[in-house]
Amino acid sequence: MSRRGSFNIHAVIFGLAAVFVVTGVARTILTGGLSASNKVQITFWNGFTGPDGIVMLGIIDEFNRDNPDVQVTMQRIPWGTYYNKLTVAGSDGRGPAVFIIHCDGLLRYRRAGFMEDASPIFSGQDAVPKNDFEPYVFDQVKYRGKLLGCPLDIHPYGMFTNADMLKRAGIVDSVGNPRPPRTRNEFILAMKAMMKGTGSGTDRVWGYALTDWSANFRSLIPQFGGRYLDEKGNAVLNSPENVAAMTFIAGLAKDHLVPPPTNGLGWLGFRQQKVGMVWDGVFMLGDLKRINAFKYLGSPIPTIGSHPGTAANSHVMCIRTGLSPGQRGAAVRFIKYVSAHSIEWANAGQVPARLSARRDPRFADMQVQRAFAEQVPHIMYVPRSPVIVEIMNAINLAVDQGVRQLKTPEEALNRANKLAQAVIDRDRQDHPEDQP
Amino acid sequence: MRKRTREVFNILMLAVGAVFMIPLVIMFLTTFKMEREILDPSAVVPRTWSFSNYEQVLNSTVEAPIQLWTLNSFFVSCGTTLFVVILSAMVAFAITRIQIPGGRVLMNVVVATMMMPAQLFLIPLYMILGRMHMLDTPYALIFPATANGFGIFMVSQFMQGIPPSVEEAALIDGCSFLGVFWKIAIPLCGPALATLAVFTFIGSWNDYITPLVFTESVSNYTLPVGIALFQSSYSTQYGLTLATSLLSAVPLLIAFAVFQKQIIEASSASGLKD
Amino acid sequence: MTFRQQRNLTGYLLVAPYLVSFVIFLALPVVVALVLAFVQLDLANKSHSKFVGLSNFTDAFGDEAFRNAMLATGRYCILMVPSVLLIATGLGFGLYAMSRGREVVRGLIYIPAMLNVAATGILWQWFFNTEFGLFNFTAKRMHLPPVPWLSDQAYAMPAVVIMSIWWTVGGTAVIVLAGLQQIPRPFFEAAMLDGATGWNVLTKISLPLLKPVLLFVFVTTTISSFQMFGQAAVLSGDGPNYSTRGVVQYIFFIAFDGYRFGYGAAISWLLFLVIAVFSLAQSRLFRTKHA
């Protein structure tokens, strides 16, 4: 290195210091760190990072307007990292006042010890009526006689179809409107009717494509009468019913009825109108609305097994422990407000958890949400388990191997069951005091 | 080699250099395409030029506050560089010029810790920063970086080469040790400190795993984490995510255009005997 | 106060701020990491932390996912290190032989290293897309079958490596070039006068003289390959069948998705042991270099 550099290192140091200070001040102002206020501050964390977050922001703005003594600020973190951030912040006592948890994760995060008793939401002024939910849905927030939170919505998996493609393939009702298939036979026929082209040509069109493989498989579990865990909490992932469900999904790939697993068309293919039907969550509606490129319909997942059914999840609003009474009161008030306005939340591509919201005339105009809501009597939640993340990992891996034909459905699920049971056993040993 | 062959070879190498640039050029062009064209490509150059991707990014202050992430990145990178440069110079001066007792031991410890991979510290630092209530603040990205010993090692190597007569003269003139440090040692070490500053700044600007682990709020992300998480929410919208990515790289690309010689010479020197 | 005392006092004052940082952010973490490796600490249930002796380490050896992660990291290293070494050496010699325009080309190949890993990953994820990515777009134009880059286990890791080469090889090439430029001209001129062929000059003179630089490149590339995280994390995630989830990604998963800090720390130490071998070699290089 030469020493002929004639620049002034002092200037570099002062320059760095100047930028450091200026950006520091600027970001403090931008993030509102300087605004002092005597309002009760409520932070609300969730993973609504897409168009759904904008809908939620609208509800929060209304709440802040209607409640001048409270200031709710929303913090959105992509679901992929949301839970680890939440847990750590929560167990450090600096987490948000109100936060969302998917109902299958409730026990996992309850164990971390920062979830406040949620019963005040269901009593007092503007109480959320407990009987305004289906019992199966409300059961998800009950644990050992306590309430863990308030269900905000239900997001079942259903079928999205491209209306024009259905029509062109002649899948219509008596008056000529496109009619999504309802049964196994209708589904297979529709799938074949919409297929066009062969090989790997760019203009190839598919009737159906797997999107979220694991969710596609899990949507069929209740249809075949399968389940995840038995009454004692042991894994029964490899039951004959589950094998039958996976055999159907993997069979579609094996028979080349869906795009090859390596090609990754899935949801994107549906958006590009290269795929006629997909099964996905009601929340994907936001994406379709945004691109606004073609006519689509929502309908229940066709009955492939012996009876109708699908997978679903719910966002649950929870309160953190360790809040001041004022904050706790405001948090309860906020949750009541959001729950009461859940018909607005339905716009984001959700089925409101509250029955009364689903009776709102506005809901009747939401074709996709309403069609997906038809399935609510037959939905199946992923079981609440403290080790649900690990169990889902095992299931995802099995589906991956099954669809790619690397293992038979039976082998893949046997292995998943072994992995899941090992995790469950480890958890029983580590946490004997906290077993569902 | 004959002159003709030389010229052909030069052009060949220029072509190789161009190959390296192709991805960036295509990226640049693609950010001006509409989504429909991206999903159904027919040519590299957009059929219709559209600024909608950039408009959307710059207007989506809720989903992708890229302006704020840029501020955060500057704050963190400048802060880290500032502290690393000053602390490294201070310690190197104390060890090599003042020759404090215990200096050699400190130096050996510092060199030894340089061998430990950053991954080893990730979990413990996370717990320590949590205790210090520093998680989810930009300071969690600045202060831990100051413990790294590379700068001390590098500046010490350089300072050893400065003849003692320079500072002795200043001391005789009535200058204090701090005065010697600030007015004489630092300017003399200018090239080494500049190199250290370049390395530290680029490293801090492009760091991915630390902000991924140590920040929580969208408003505290730096650019790399911000765009990666934005991409995970909008993974299928290539025009949008490519535009964000390109914007995140612009400050360093400008810096490179200006300081190309210094940056490359600094990094190429790392494998050489001095 | 004597002159010497005053002098030392100033010295200690200068060292003090760094020492604070060193103790909190380096020394303490090492101690914490050591303790963690022998305890079970589940962040989601802190009250049930306990000392478990070596079981975190024995667990690791029975952990199939950890073995997979090690294999993925190993595959990455085996593909990455020789490729980078070969391409960087080739580029270095190419640059060296240029009679003009060297700085331009040097700048061009260096630019990718200026990008952050997230931007790089997002860019290449699009290139590798099976349906409308650049590679398969080109392949289709040439009537070749599309390659399922990121969705097939056989191609996912090579895809990560291809991206990483583009991203880092320019930075490595300029190190090789600098090494070549250090070799005094007379060496080559003398050889040429003796009538040596180009090949002989390369194998008998350039490469042996370049050995320390190449060794340095080999060691640093190996170390950074073992620490690979962002490339795969952004480009392919875990990859099909977890084929691109390397050790650092696995540590991240265990610690920050599974909250098992103790086990995560134990695996970090195992990774450290592997890297330490190469780091020691590197410090040897450093020492001979700066002695």
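A few points about this structure:
- Residues in segment C:244-275 that are among the β-branched types (Val, Ile, Thr) and in a helix (DSSP H, G or I) were compared, and the one that is nearest to B:Ile209 (Cα to Cα) is C:Val248.
- Within segment B:1-13, being at the interface with chain C (Cβ under 10 Å from one of its Cβ atoms) and either outside any helix (DSSP H, G or I) or of a type in the set (Gly, Ala, Ser) (or both) holds for one residue alone: B:Met1.
- Cβ pairs under 9 Å, 6+ apart, first in segment C:166-194 and within 12 Å of C:Leu210 (Cβ to Cβ), second in a helix (DSSP H, G or I) and of a type in the set (Asp, Glu): C:Ala178/B:Glu265
- Residue match in segment C:149-161 (condition: modelled with pLDDT of 85 or more and of a type in the set (Val, Ile, Thr)): yes
- Those helices (runs of 4 or more DSSP H) lying entirely in segment C:83-147 with at least 2 residues more than 9 Å from every other protein chain (Cβ to nearest Cβ): C:134-141
- Among the residues of segment A:243-262, those identified as under 10 Å from A:Gln405 (Cβ atoms) and surrounded by 18 or more Cβ atoms within 10 Å (Cβ to Cβ) are A:Ala250, A:Ala253, A:Pro261.
- Segment A:361-396: number of residues that are within 15 Å of the chain's Cα centre (by Cα) and under 14 Å from A:Val423 (Cβ atoms): 4
- Only one of A:Gln401, A:Gln369, A:Gln421, A:Gln429 that is part of a helix (DSSP H, G or I) and closer than 30 Å to A:Ala163 by Cα: A:Gln369
- For segment C:194-208, the criterion of being surrounded by fewer than 15 Cβ atoms within 10 Å (Cβ to Cβ), under 30 Å from C:Arg75 (Cβ atoms) and touching a Leu at 6+ places or on another chain (Cβ under 8 Å) is satisfied by at least one residue.
- Any hit, segment A:89-98, residues being in contact with a Pro (Cβ under 9 Å, 6 or more places away or on another chain), buried (at least 16 other Cβ atoms within 10 Å of the Cβ) and within 14 Å of chain B (Cβ to nearest Cβ): yes
- Looking only at segment B:226-241, and only at residues there that are under 21 Å from the mean Cα position of the chain (by Cα) and facing another protein chain (nearest Cβ under 7 Å), the one that is nearest to B:Met34 (Cα to Cα): B:Ile227
- Selection within segment A:387-415 - crowded, with 22+ Cβ neighbours inside 10 Å and touching a Pro at 6+ places or on another chain (Cβ under 6 Å): A:Gly402, A:Val403
- Scanning segment A:135-169 for residues that are of a type outside the set (A, V, I, L, M), closer than 30 Å to A:Ala190 by Cβ and in contact (Cβ under 8 Å) with a residue 40 or more places away in the chain yields A:Asp153, A:His155, A:Pro156, A:Tyr157, A:Gly158, A:Phe160, A:Thr161, A:Asn162, A:Asp164.
For (1) at pLDDT 95 or above; (2) among the basic types (Lys, Arg), each residue gets a yes or a no:
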{"site": "B:Phe9", "(1), (2)": "no, no"}
{"site": "B:Thr30", "(1), (2)": "no, no"}
{"site": "B:Lys33", "(1), (2)": "no, yes"}
{"site": "B:Ser50", "(1), (2)": "no, no"}
{"site": "B:Leu58", "(1), (2)": "no, no"}
{"site": "B:Thr61", "(1), (2)": "no, no"}
{"site": "B:Phe75", "(1), (2)": "yes, no"}
{"site": "B:Cys78", "(1), (2)": "yes, no"}
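- Filtered by the rule that a residue be under 19 Å from B:Thr236 (Cβ atoms) and facing chain C (nearest Cβ under 7 Å), segment B:14-37 gives B:Ile26, B:Met27.
- Of the criteria (1) among the aromatic types (Phe, Trp, Tyr); (2) away from chain C (no Cβ under 13 Å); (3) within 16 Å of B:Leu193 (Cβ to Cβ), which one B:Phe75 fails: (3)
- Total residues in segment B:151-166, condition surrounded by 12 or more Cβ atoms within 10 Å (Cβ to Cβ) and either over 28 Å from B:Ser270 (Cβ atoms) or among the aliphatic types (A, V, I, L, M) (or both): 6
- Only one of A:Val332, A:Val387, A:Val316 that is within 14 Å of another protein chain (Cβ to nearest Cβ) and among the β-branched types (Val, Ile, Thr): A:Val387
- Residue among C:Asp63, C:Asp42 that alone is over 30 Å from B:Glu168 (Cβ atoms) and in contact (Cβ under 8 Å) with a residue 12 or more places away in the chain: C:Asp42
- Residue that is surrounded by the most Cβ atoms within 10 Å (Cβ to Cβ), among those in segment B:24-55 that are in a helix (DSSP H, G or I) and hydroxyl-bearing (Ser, Thr, Tyr): B:Thr30
- C:Tyr12 falls short on exactly one of the conditions (1) under 35 Å from the mean Cα position of the chain (by Cα); (2) surrounded by 14 or more Cβ atoms within 10 Å (Cβ to Cβ), and that condition is (1).
- Single condition A:Ala193 does not satisfy, out of (1) part of a helix (DSSP H, G or I); (2) without any contact (Cβ under 8 Å) to a residue 24 or more places away in the chain; (3) more than 17 Å from A:Ser306 (Cβ to Cβ): (2)
- Only a single criterion out of (1) assigned to a loop (DSSP other than H, G, I, E, B); (2) at pLDDT below 90 is not satisfied by A:Lys407, namely (2).
- Hits in segment B:1-51 (condition: more than 29 Å from C:Arg106 (Cα to Cα) and in contact with a Leu (Cβ under 9 Å, 6 or more places away or on another chain)): B:Glu35, B:Ile38, B:Leu39, B:Pro41, B:Pro46
- Of the residues making up segment A:318-340, those that are under 14 Å from A:Val72 (Cα atoms) and hydrophobic (A, V, I, L, M, F, W, C) are A:Ile319, A:Ala330, A:Ala331, A:Val332, A:Phe334, A:Ile335, A:Val338.
The values are calculated or read from the model by the stated rules, or taken from the named source; none is laboratory data. Bear in mind that the values here come from a model prediction, so they are computed numbers and not experimental data. When we count neighbours, we look across all protein chains shown, and the Cβ atoms used for this are built from the backbone with ideal geometry, even at glycine.
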